[in-house]
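This report concerns only the one structure given below.
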Amino acid sequence: MKKDIDIKQIINLVRGLGGSFLGDFKSKPLPVNMDDLRELSHDMDIRFQKELKSKLETIYPQIGWPEEETETAQQLKPLAIPEYWVCDVMDGAVQYVQHLSGWTVNLTLMKYGEPYFSVIYDPILNETFWAKSKEGAFMNGKRIVPNKKKNLNEMLAVWEYTHHKKDEYHIYHQMGKSVTHLLEQFLCVRNYGPHALQLAYVGAGRIDLFHQEDLDTTNWLAGLFIAKEAGAEILTTDGKPWKYGSSSLLVATKGVGRQFLKAIKKIQ
C-alpha cells in the first residue's frame, strides 16, 4: 500500500519557506522599475528551488512537480499524471515588494485531477490554513467553518481579478458590472490581494463571499479547496457548480451565493 503524505512534515516545510521570506521582508528598497520587480522574482524562484521543491522531491519522488502548471492550458484542465504539486511560492508578491502585508506561501497536492491536500501559510500573522480531502479544514490546528450570517447587507464581500493580460473589452466591462452589483448588495466590498488566502478566509468565516470573473484556476486551488472542505459552496458567477477550468468563481456560505445572484437578477 502506498504511504500517505505526512501533513505535519509538509506544513513545516511550507512554514519554513514562509519564515525565510519574512526574515527579508522590507529589507530591500521599494521598486521603481521592472528590473527591481524581476530581481525580486528571481530571488523568490531561487529560494523556491532550494527550500521547498528539492525537499519535497526527496521525500516524495513519486509526486510530480510540473514546471508549466500556471500556463493557460493547465488552467483549463488538470495534468494527465496521477499526482503532482501546484505551488504558488509567493501569492501576493506585489504586496511583498511594496512592503505591505497580505502575502502567503501556498501548496496544493493534486491526485487524479482533484485537489487532495492544500496548505496556505501567512508568515506575518503566523496563521496556517490547511485541508485534506474529506477531513475538513483547519487554521492553526482548529477546525474552521464559514460564517452563519443571513443578510447580504451585513456581509463582507471581496472582489478579485486575474493579473493576466486582457485583450477583450468585454472582460473589463463584465468586471465593472460585478463590482457594481457587489456594492449594491453588501455592507462592504474589499480587495485584499492574495487570492487563495481570501478564499480560506471564506472557509474561516472572516469573509462572506468571494467573487471573480475570468480564468485563474491555479491561483484559486489552495484556498478554494480549503473553503470547500470547511463547508463553503463553490459556484461560478452564473450560479453553476464550479469545476476545474471554469472561467469564474463564486465562493460563499451555502445559500449566500445563490441569494446574491437572485438579488441582482431582480434589478437587471
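The values are calculated or read from the model by the stated rules, or taken from the named source; none is laboratory data. Being a predicted model, the structure only gives us computed values, none of them experimental. Using ideal geometry, Cβ is built from the backbone for each residue, glycine included, and neighbour counts are taken over all protein chains shown. Heavy atoms of the whole protein, side chains included, go into the accessibility calculation; ligands, DNA and RNA do not. Shrake-Rupley method; radii C 1.70, N 1.55, O 1.52, S 1.80 Å.
When the chain is described by a simple charge dipole with +1 on each Lys and Arg Cβ and -1 on each Asp and Glu Cβ, the residue from ALA227, GLN62, VAL105 located farthest towards its positive end is ALA227.
When each of the peptides 136-148, 191-203, 236-248 is scored by the mean number of other C-beta atoms lying within 10 Å of its residues, the order from highest to lowest reads 191-203, 136-148, 236-248. In the chain, the calculated helix contribution to ellipticity at 222 nm averages -11500 deg cm²/dmol per residue, counting -39,500 (n - 2.57) for every DSSP H run with n ≥ 4. Straight-line cross-link partners of LYS53 among the aspartates and glutamates, defined as a Cα under 12 Å from its Cα and at least 8 positions apart when in the same chain: ASP45, GLU67, ASP88. Excluding same-chain neighbours fewer than eight residues apart, the lysines reachable from LYS254 by a Cα-Cα span under 22 Å are LYS132, LYS134, LYS142, LYS148, LYS149, LYS150, LYS228, LYS240, LYS243, LYS262, LYS265, LYS266. Under a model in which nothing but the beta-carbon of Lys, Arg (+1) and Asp, Glu (-1) is charged, the range 127-268 shows a dipole of about 580 debye around its Cα centre. Counting only heavy atoms of the protein chains and using a 1.4 Å probe, LEU261 has close to 30 Å² of accessible surface.
Sorting the segments 35-42, 116-123 by their residues' average number of neighbouring beta-carbon atoms within 10 angstrom, most packed first, yields 116-123, 35-42. The packing ranking, built from the mean of other Cβ atoms within 10 Å per residue, places the peptides 96-103, 57-64, 204-211 in the order 204-211, 96-103, 57-64, highest first.
Once the other residues with Cβ under 15 Å from the Cβ of GLY239 are scored (Lys, Arg +1; Asp, Glu -1), what is the net sum?
Net of charged neighbours comes to +4.
Measuring nothing but protein heavy atoms, the accessible surface of the range 134-233 at 1.4 Å probe radius is 52 percent carbon and sulfur. Net charge in the neighbourhood of GLU127 (other residues with Cβ under 12 Å of its Cβ; Lys, Arg +1, Asp, Glu -1) is +2. The largest accessible area among ARG258, ARG190 belongs to the first residue in ARG190, ARG258, and the rest follow in falling order (1.4 Å probe, all chains).
For the chain, a simple Cβ point-charge model (Lys and Arg +1, Asp and Glu -1, everything else neutral) yields a dipole of about 1240 debye relative to the Cα centre.
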